[in-house]
Amino acid sequence: MDGLQALVDDIRREIATQTERGRVADYIPQLAAVDPGHFGIAITTVDGQEYVAGEADTAFSIQSVSKVFTLTLALGMVGDRLWNRVGREPSGTPFNSIVQLEREQGKPRNPFINAGAIAVADVLLAGHQPKEAIGEIVQFVRFLAGDDTIVIDDKVAHSETETGFRNVALAQFMRSFGKLDHPAEHVLGVYFHHCALAMTCRQLSRAGLFLAAGGRSPATGGTVVSPGRARRINALMLTCGHYDGSGDFAYRVGLPGKSGVGGGILVVAPGKASITVWSPGLNENGNSLLGSLALEMLAQRTGWSIF
Ligand code: DON
């Protein structure tokens with residue numbers, strides 16, 4: 001559909017005129033060095049067409065977008081028992097907040113806040129060494145994207161390992177409630193590495209397409225998850241994927257989405273397409289400022305809002 005190519009081209013042009021680009025994440029030293037001027041967008045439709053504009057083939061740090069893939073893997077391993085370890089409610093707090101954890105005895109509100117993703121990483125470690133669990137995650141993402149070139153950016157993983165004191169605190173705090181089965185260092189090793197996956201907009205859109213296609217991978221025809229599970233992952237992305245900015249994102253865009261502090265956002269238009277945008281400058285909630293604007297434009301022009 002030529003209309004979608006014109007759309008991504010228009011969005012890229014409109015974004016280029018914006019002067020307020022937000023602030024890059026500076027609490028991870030490797031991310032602080034990224035130029036906020038980058039912008040990329042990719043749409044992959046369920047019938048396999050791709051429409052890209054800007055820097056859609058430049059790899060960036062996917063950060064918390066990876067939590068969609070670790071959640072999918074953990075659900076595959078333990079099914080609904082996962083919900084004994086982590087909740088399904090929006091937190092209304094920042095992604096790295098610790099306050100609810102004490103009141104809720106170390107059980108994180110949802111799998112997308114940092115504490116929740118750390119709990120999910122603990123589940124993925126069952127029966128594995130950290131290196132093996134990390135390997136499984138990389139293999140899964142490569143399989144979903146149909147691309148064996150996807151790797152972890154070791155510099156970013158190392159940078160966060162050195163400075164991720166807040167996550168160390170979250171993990172140790174959860175362990176103090178008996179909510180982690182493995183040593184915090186092992187769990188965080190898995191967590192920091194999956195956050196450091198480097199992917200392009202095109203790769204990320206391909207990897208997320210199963211969520212738009214009722215759990216099937218249109219590229220291989222294979223089933224990744226059941227339709228019901230895809231629907232539920234999408235529900236969590238809608239309600240929790242942008243942390244304390246999830247309500248605003250649902251209001252403006254109306255599609256399930258997962259953001260990362262690298263400035264990427266993966267969005268699912270059920271039955272239609274998966275979309276990835278990348279603009280490194282963030283808003284006050286740690287979500288891509290211009291990425292959100294680009295998606296708002298896309299939702300308006302396509303009418304793909306689920307509402
Ligand atoms: O743990 C962290 O703080 C980062 N590795 C990921 C945070 C993140 O991407 C939040 N998203 N907007």
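Each row is one residue, and each column tells you yes or no for (1) within 11 Å of the ligand (Cβ to nearest atom); (2) in contact (Cβ under 8 Å) with a residue 24 or more places away in the chain; (3) over 10 Å from Tyr191 (Cβ atoms); (4) not in a helix (DSSP H, G or I).
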position: Gly92; (1), (2), (3), (4): no, yes, yes, yes
position: Asn96; (1), (2), (3), (4): yes, yes, yes, yes
position: Glu102; (1), (2), (3), (4): no, yes, yes, no
position: Gly106; (1), (2), (3), (4): no, yes, yes, yes
position: Pro111; (1), (2), (3), (4): no, yes, yes, yes
position: Ala117; (1), (2), (3), (4): yes, yes, no, no
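Any residue at all in region 60-72 that is away from the ligand (no atom under 16 Å from the Cβ), in the same structural domain as Glu132 (by TED's automatic domain parsing) and either closer than 26 Å to Ile275 by Cβ or surrounded by 21 or more Cβ atoms within 10 Å (Cβ to Cβ) (or both)? Walk me through how you get there before you give the answer.
Let us first name the residues in region 60-72 that are away from the ligand (no atom under 16 Å from the Cβ), namely 72.
With the extra rule that they be in the same structural domain as Glu132 (by TED's automatic domain parsing), the set shrinks to 72.
Filter again for either closer than 26 Å to Ile275 by Cβ or surrounded by 21 or more Cβ atoms within 10 Å (Cβ to Cβ) (or both), leaving 72.
Within region 60-72, one or more residues are away from the ligand (no atom under 16 Å from the Cβ), in the same structural domain as Glu132 (by TED's automatic domain parsing) and either closer than 26 Å to Ile275 by Cβ or surrounded by 21 or more Cβ atoms within 10 Å (Cβ to Cβ) (or both).
So if I check each of Val8, Val46, Val24, which one is within 16 Å of the ligand (Cβ to nearest atom) and either modelled with pLDDT under 95 or crowded, with 16+ Cβ neighbours inside 10 Å (or both)?
Exactly one residue qualifies, and that residue is Val24.
Looking at region 274-285, can you tell me whether even one residue there is crowded, with 17+ Cβ neighbours inside 10 Å, at pLDDT 95 or above and over 15 Å from the mean Cα position of the chain (by Cα)?
Taking every residue of region 274-285 in turn, at least one turns out to be crowded, with 17+ Cβ neighbours inside 10 Å, at pLDDT 95 or above and over 15 Å from the mean Cα position of the chain (by Cα).
Looking at Ala53 and the list (1) out of contact with any strand residue (DSSP E or B) (no Cβ under 6 Å at 6 or more places or on another chain); (2) part of a strand (DSSP E or B), which single condition is not satisfied?
(1)
Of all residues in region 252-273, count the ones that are within 23 Å of Gly87 (Cα to Cα) and either hydrophobic (A, V, I, L, M, F, W, C) or over 12 Å from the mean Cα position of the chain (by Cα) (or both).
Going through region 252-273 one residue at a time, the tally reaches 7.
Can you find a residue that is within 13 Å of the ligand (Cβ to nearest atom), at pLDDT 95 or above, of a type outside the set (Val, Ile, Thr) and crowded, with 21+ Cβ neighbours inside 10 Å anywhere in region 143-155?
So far as region 143-155 goes, no, none of its residues is within 13 Å of the ligand (Cβ to nearest atom), at pLDDT 95 or above, of a type outside the set (Val, Ile, Thr) and crowded, with 21+ Cβ neighbours inside 10 Å.
What is the one condition in (1) surrounded by fewer than 22 Cβ atoms within 10 Å (Cβ to Cβ); (2) within 16 Å of the ligand (Cβ to nearest atom) that Trp83 does not satisfy?
(2)
Considering each residue of region 86-128, count those that are surrounded by 13 or more Cβ atoms within 10 Å (Cβ to Cβ), over 18 Å from the mean Cα position of the chain (by Cα) and of a type in the set (S, T, N, Q), and give that number.
Adding up the residues that qualify gives 1.
Quick check on region 286-307: of everything there that is away from the ligand (no atom under 16 Å from the Cβ) and among the polar types (S, T, N, Q), which residue is nearest to the chain's Cα centre (by Cα)?
Among them, the one singled out is Ser305.
Being touching a residue at least 60 places away in the same chain (Cβ under 8 Å), more than 15 Å from the ligand (Cβ to nearest atom) and of a type in the set (Lys, Arg) is the filter here, so list the residues in region 250-283 that pass it.
Scanning region 250-283 gives a single hit, Lys272.
Looking for something under 27 Å from Gly228 (Cα atoms), in a loop (DSSP other than H, G, I, E, B) and touching a residue at least 12 places away in the same chain (Cβ under 8 Å) - is there at least one such residue anywhere in region 68-75?
no
Determine whether Ala198 is within 20 Å of Leu124 (Cβ to Cβ) and free of Cβ contacts under 8 Å to residues at least 40 places away in the same chain.
no
Check off (1) closer than 20 Å to Arg142 by Cβ; (2) within 16 Å of the ligand (Cβ to nearest atom) for Gly247 and give me the number that stays unchecked.
(1)
Could you look through region 161-179, keep only residues that are within 20 Å of Gly127 (Cβ to Cβ) and more than 16 Å from the ligand (Cβ to nearest atom), and pick out the one that is surrounded by the fewest Cβ atoms within 10 Å (Cβ to Cβ)?
My answer is Gly178.
Specify which of the listed residues (Leu144, Leu180) is among the aliphatic types (A, V, I, L, M) and in a helix (DSSP H, G or I). Break it down into steps so the answer makes sense when it comes.
Details: Leu180 fails: in a helix (DSSP H, G or I).
Just one listed residue meets the conditions, Leu144.
The values are calculated or read from the model by the stated rules, or taken from the named source; none is laboratory data. Quantities reported herein were computed from a predicted structural model and do not represent experimental measurements. For neighbour counting, all protein chains shown are included, and Cβ atoms are generated from backbone atoms with ideal geometry for every residue, glycine included.
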